[in-house]
Each structure stands twice: as C-alpha cells, then as structure tokens.
1. Length gain on complete extension for the stretch residue A:246 to residue A:38, per 0.36 nm per residue less the alpha carbon to alpha carbon distance?
2. 222 nm [θ] for chain B, helices only, -39500 (n - 2.57) per DSSP H run of 4+, per residue, to 500?
3. Report the residue, chosen from A:29, A:250, A:109, that carries the largest GNM mean-square fluctuation when chain A is represented by alpha-carbon nodes joined by springs under 10 Å.
4. With a cut-off of 18 Å, note down the residues of the range A:253-271 whose backbone N falls inside the zone around a label point 7 Å from the Cα of residue A:225 toward its beta carbon.
5. Helix B:120-152: angle to the longest alpha-carbon principal axis of chain B, degrees 0 to 90, nearest 10?
6. Distance from a point 7 Å along Cα→Cβ of residue A:218 to each backbone N in the range A:256-292: keep the residues under 13 Å and list them by number.
7. Give the separation of the Cα centroids, the range B:172-186 to the range A:266-284, in Å.
8. Run the quick spin-label model on residue B:194 and residue A:69: label points 7 Å from Cα toward the beta carbon, then report their separation in nm to one decimal.
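Bear in mind that the values in this text are calculations on the coordinates, not laboratory data. Predicted model only: the values in this text are computed from it and were never measured. All Cβ positions, even for glycine, are placed from backbone atoms using ideal geometry, and neighbour counts span all protein chains on display.
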C-alpha cells in the first residue's frame, strides 16, 4: 500500500490554479523529497493531504484512506510539521506537548522524553520566549511524538543548528528504516540529496518529475577535469556524454553525464596524467527543472 | 466533545471571564447606590421620567414606560439594560467565539489543532462549550451585583428577585444568540479582526434599529432584526414571567447561526498564515 497517492489532484483559488492534476505515489518506508520553487504548489498539496484544504478535483489518499473524508482517523497515524510553525504563546513547551498528548490518547510520554533529550529542548519556557529554532524543535517533537506511519514535514530544518540538523537526519533515516514514511518539502537541495531516496519536483502546480534518487544521480552532470600527457594528441573521439567546456593542449575541463565506467573506458585509451570526477551535481539538475518550461529538466 | 480542547480554551479565557464578571457585579453594586438616591425621592424621579424626551428614551431602552409603575424593582431594570452592562457582556461573547476559530487560523495555531486526530465538529463543539458555559455566570452576575448592592446599601424597599431572575434568563438567551452569530462569522473568515469587525458592526446596526424604531415609522417593519427587540427588562419585571416568545426567538436564531457555523467550519479551507 502506498503511503501517499494522489489521482488528478487539483486545487483552484478562483482563477488561480495552485495544483493541476497531480498524480503522485509515495511508497511506504520512503524518504521522499518534495521539491519546487516558491509558489509551485507544494504547501497546497501537503495541506490537501492533511485535510486542511479541500481538493477542487481529483482524489488524495493517505495510508490507503481518503485524506478529506477519513481525516480525523487518519491523523492518528500522521505527523505534521508546518513550514511556519506556530504554537500557543502562553503555554510552556511542556504544556503544549501535554495538550497534544492528551488529544492523541496520552501514550506519547516515553517518546516525548526521548525526542526532547535528542533535540536538546528546554520544555519549561513559555513558547513566546522560544527562539525560531526552539519552536522548530517543538514542532518536530509534536510531529514525531506518536511515532506516525507517515511524517509530513514542510521545511523541517529551518532554524536548526548543524548539530541538531544531523541528529534530525539520523532520526528521519531510522524512521524510514522502520518502514515508516517521511514526506518532506525542502528548498535545501543538499539536504534532499543527502536524505532522500526518491523525489518529486513540482512546478507551476504540475508534477515535473518523480524519480528515484539513484536514477536522478545517474542523469545528473558531473564536473570532470582531465590532464593528458603533453605532446600526445587525443586520438580517440570524445565519448557521448562528455561536454567540453574548456580545452587546452594538455587538459580538458567539462561535464560528464552518464555512468562513470564509460568515461573510464574512454580514458583508458588516452594517456592520462591526472583526472578529477566530481560527484553528481543534482543542484544543477534541480535548478534546470525549476527554471525550464515543461520537461526542461530532462533536457 | 474533547476535554483537552475544552480545558485549554477555558484556561485561555478564564481570566477575561473572571474580570468581566467581577466588573459586572461591581457595576450593579454601584448601580444600587444610584438607585438608593432615586428610591428615596420617587416623586421627583416620576416628574423627570414624565418628560417626553426621557419617556421616549426609556421606552426604547427598557421596552415600556417606567413612570406608570415606579418601584425599586422596576427602577433596577435601568441597571439591567444599561449599555455598559451590555458592553461588558458583549466583550465576552465576541472575544471567545472569534478567538477560537478565526483567531486560531489567523495565529497559525489552527495548523496544530486541525492536524490532530479530532474532527472539526468536535473542535467546534468543544470550543463552543466554553462560551456557552461562560455566558451563564456573566448573564446572572447582574443579579449577584444587585443582591450584594442591596446588602451594602439597604434600599427602603426590597428588590423582588423573584421577578428579576427572569430578566437574566432573557439576557442569557440574548448573549447566547450574539455569541452564536459571532461563532458563525468566525467560522467564515480567516482573521479575528475581520470577525470582530463584522460582529461589532452587526451589533451597532442592531442597536441603531432599536434606537430608531420608537421614533421613526419607516424602521418599524425591520424592528425584529435588532437583537434588543427581544430583550425588554421592564416588560419582564412587570409581567413577572419569562418572555418565552422572545427567548424562543433568540435561542432559535442562536441554534441556526451555530449550526450554520458548524456546517461551514467543517467544510472550509484552512489557509496557511
């Protein structure tokens, strides 16, 4: 069963189309990245999945159930961190968690204690005295305290220091390892690259791409720099996938797209002094999706 | 109903409710002090109240002529239909309903509340329960104030609480009605300020209709649109009966507005802040 499945999901605000016929499938146990430029419709899609917005057309299923109709029952198994997290200012962090725990059935105590320790959060302060990062930590605890089968996070690392960010990555990986699903949107491409095993890219309310990370990486360009023996002419023709940006008699700088073994096979026929092959540059690939009109990212 | 949401909402507003109730009690207590002056010289009060302008004003505020039946009890209805009392109660019946729906959306806390395993109907019911409960002591607080006032400033003639409690029953229905309308408005908008503005405007229009009806024929056909048309303390005290017809209309409007708010809140989009 898919953790999330949308079928022709659309949302209009008057004349403005926020989401257009979105077909998305997210398998259980995935660390799924949801990407797109501002205004692409990511938050709209997330809010429909959570039953905060009603789709104009199409259907959204979460854990096999209708996101709107079965909302309350469904939300026992879903955790959510909004992009801009807000709490009741007058309550302390502890009172906030007790309130949420009471609604969730009062069984989250041990997990709250573990997460609080893990994220190093002082629960005795009032939320109004919390910094942005502390509110984010509280939001993460609220989202994860009931060990949900589906965790929906909108920009989860905003305001977190690098240490806590690393801890969170570990948490998210262990959640996915347990077969639970993490569905998160982010603008930090390095984060997506590091964490996700599958991504969907949204642009102008439409799905531009949904792909496994390893396939995207295979498609992504790598920066390559090769130094040849000076004086030896390059006799073999350049392989497909190698795009030369700069060439001198003894060196070549460019990009490589495709499996590295083909490049290595070609290099073995040349007289190479030194070479550098950078990791796949997903940022360039994502940005191409962000910038280009329909299907541009694939070009 | 969800107890956690009810108690959290109750805790959020308990200070405001307590302060307003104390203010109402204090106001009525001091009103008895004013009443003492009037009751001591009922003849002079009668002469004043017989003036045409005052007679009209009294009729539109209290729903009848005070001068014909001037006793300490009928005179005390002045304190039960005073605009300051209404203002104190209406702060309460506007603040809570607008704070729990449009207020949550505007502050962004609706994202927390509405993504918990609760139906919107339960949230609506649990938060409504707080103002439904708060309106009762606020509506009967004037009686406590009058009773305390009578202990502190003994009147030559005792107030007849057997008649006055019926005014509070009517006042309670009036406050529930306004709170329900506020709840309905709150379910329609995404900003608390907007909701408060709409409800306050509706109350002002209602008061204006009530003000114009006795002196302007043209407005008479729409007299029933004003909330205060269904709250006439002097008539209640004179008749010595709960005005079930007026109470019935107020409660019917309250129920209709409350259900309309529920229906809409259960279906509406919750925008991101």
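1. Working: separation 208, 0.36 × 208 = 74.88 nm, distance 3.45 nm.
Here the segment from residue A:246 to residue A:38 would lengthen by 71.4 nm.
2. On the way: 12 runs with 207 residues, N = 273.
Only helices count here, giving -25500 deg cm²/dmol.
3. Comparing A:29, A:250, A:109 in a Gaussian network model of chain A, the most mobile one is A:250.
4. A:253-257
5. Tilt of helix B:120-152: around 20 degrees.
6. A:258-262
7. 73
8. My value for the distance between the label points is 3.0 nm.
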